[in-house]
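Trainee: Take this structure, written in structure tokens, and hold onto it; I'll ask about it next.
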Amino acid sequence: MSEPVLKFEDVHTYYGPLHVLKGVNYELYAGEIVCLLGGNASGKSTTMKTVLGIVKPSQGKITYCGERIDRLDTSQIIERGIAVVPEARRVFPRMTVQENLELGAFIHRSDKRGLQESFEHVFSLFPRLKERRNQLAGTMSGGEQQMLAMARALMCRPKLLCMDEPSMGLAPSFVNQVFEIIQQINREGTTIFVVEQNANMALRIAHRGYVLQTGQVVLSGPARDLLGTELIRQAYLGEV
Ligand SMILES: Nc1ncnc2c1ncn2[C@@H]1O[C@H](COP(=O)(O)OP(=O)(O)OP(=O)(O)O)[C@@H](O)[C@H]1O
Ligand SMILES: [Mg+2]
């Protein structure tokens, strides 16, 4: 098999004395959608922060396309082609849609033509953002802000897009749209690592999944197999 895009090997992280990730292993291959499931406080957001180097592992190794990245700064990691849509869709509320998007492209700021292409690409995925490009981000609806957070991450044309609960707090019609766009981004060649509470939907679009429980991977495999397991059915799909 080819080299993974992202690989975690025996990664441990701490917040002070709190041991959060306890030796996790993940592998994501080019073109995959991989979902990360798990209950509250299991370490899902910490995983995303660790990919970006916001949290540094105390032990273990993270590689991106074969290169070790766990000792790099966040900006160096982003420059390599990794983008994250953080939990709770943090957009800059007092900036317009367009200004938020420009910030997302900061690593390509000297490439005017590339910037123009990135704008055209995200506006084709999110036509509503084009209509609203002069609106202040803080006045957009929750669903629109989620779209903006995704679009901003795409402005740096990432090879790997990590998303922390993109469907949180959205009405069902917006959730469907978000999942459709995730699939479309993936079809265009972006590898996707997505944290979700909405296990049912995530497993329907993902190729593979991991389940975290108090900082350890307790289950992993093809999404289709995970959908059928008792643990997922009981814990995440509300079926008993
Ligand atoms: N900056 C921090 N300082 C101290 N503890 C933290 C910090 N961030 C997270 N934690 C703790 O680490 C644990 C894992 O948190 P994390 O945010 O990774 O969980 P999660 O799986 O994303 O949960 P949720 O589903 O609620 O978003 C929790 O017990 C949390 O309180
Ligand atoms: Mg979280």
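The values are calculated or read from the model by the stated rules, or taken from the named source; none is laboratory data. This structure is a prediction, so every number in the text was calculated from the model and none was measured. As a convention, Cβ positions derive from the backbone with ideal geometry for all residues, glycine included, and neighbour counts pool all protein chains shown.
Trainee: So which residues in segment 155-191 are under 22 Å from residue 29 (Cα atoms) and within 16 Å of ligand 2 (Cβ to nearest atom), if there are any at all?
Mentor: Within segment 155-191, 162, 163, 164, 165, 166 meet the criteria.
Trainee: Where in segment 156-226 are there strands (runs of 3 or more DSSP E), lying wholly inside it, with at least 1 residues that are in the same structural domain as residue 10 (by TED's automatic domain parsing) and among the β-branched types (Val, Ile, Thr)?
Mentor: Numbers: elements: 160-164, 191-195, 208-213, 216-222.
Of the strands (runs of 3 or more DSSP E) lying wholly inside segment 156-226, those with at least 1 residues that are in the same structural domain as residue 10 (by TED's automatic domain parsing) and among the β-branched types (Val, Ile, Thr) span 191-195, 208-213, 216-222.
Trainee: Can you pull out every residue in segment 168-199 that is within 16 Å of ligand 1 (Cβ to nearest atom), more than 21 Å from residue 97 (Cβ to Cβ) and surrounded by 18 or more Cβ atoms within 10 Å (Cβ to Cβ)?
Mentor: Hits for segment 168-199 are 193, 194, 195, 196, 198, 199.
Trainee: If you don't mind, there's one more thing I want to ask. Checking residue 133 against (1) part of a loop (DSSP other than H, G, I, E, B); (2) buried (at least 17 other Cβ atoms within 10 Å of the Cβ); (3) not assigned by TED's automatic domain parsing to the domain that holds residue 51: exactly one of these is not met. Which one?
Mentor: (2)
Trainee: If I filter segment 217-226 for residues that are within 17 Å of the chain's Cα centre (by Cα) and either within 16 Å of ligand 1 (Cβ to nearest atom) or surrounded by fewer than 16 Cβ atoms within 10 Å (Cβ to Cβ) (or both), do I get at least one hit?
Mentor: No, because not a single residue in segment 217-226 is within 17 Å of the chain's Cα centre (by Cα) and either within 16 Å of ligand 1 (Cβ to nearest atom) or surrounded by fewer than 16 Cβ atoms within 10 Å (Cβ to Cβ) (or both).
Trainee: So, residue 152, is that one more than 16 Å from ligand 2 (Cβ to nearest atom), closer than 29 Å to residue 204 by Cβ and in contact with an Asp or Glu (Cβ under 7 Å, 6 or more places away or on another chain) or not?
Mentor: Spelling it out, it is not the case that residue 152 is more than 16 Å from ligand 2 (Cβ to nearest atom), closer than 29 Å to residue 204 by Cβ and in contact with an Asp or Glu (Cβ under 7 Å, 6 or more places away or on another chain).
Trainee: Only residues that are within 10 Å of ligand 1 (Cβ to nearest atom) and either assigned to a strand (DSSP E or B) or crowded, with 23+ Cβ neighbours inside 10 Å (or both): list them for segment 1-42, please. Steps first, please.
Mentor: Taking segment 1-42 first, the residues within 10 Å of ligand 1 (Cβ to nearest atom) are 13-21, 36-42.
Result: 13, 14, 15, 18, 19, 20, 21, 36, 37, 38.
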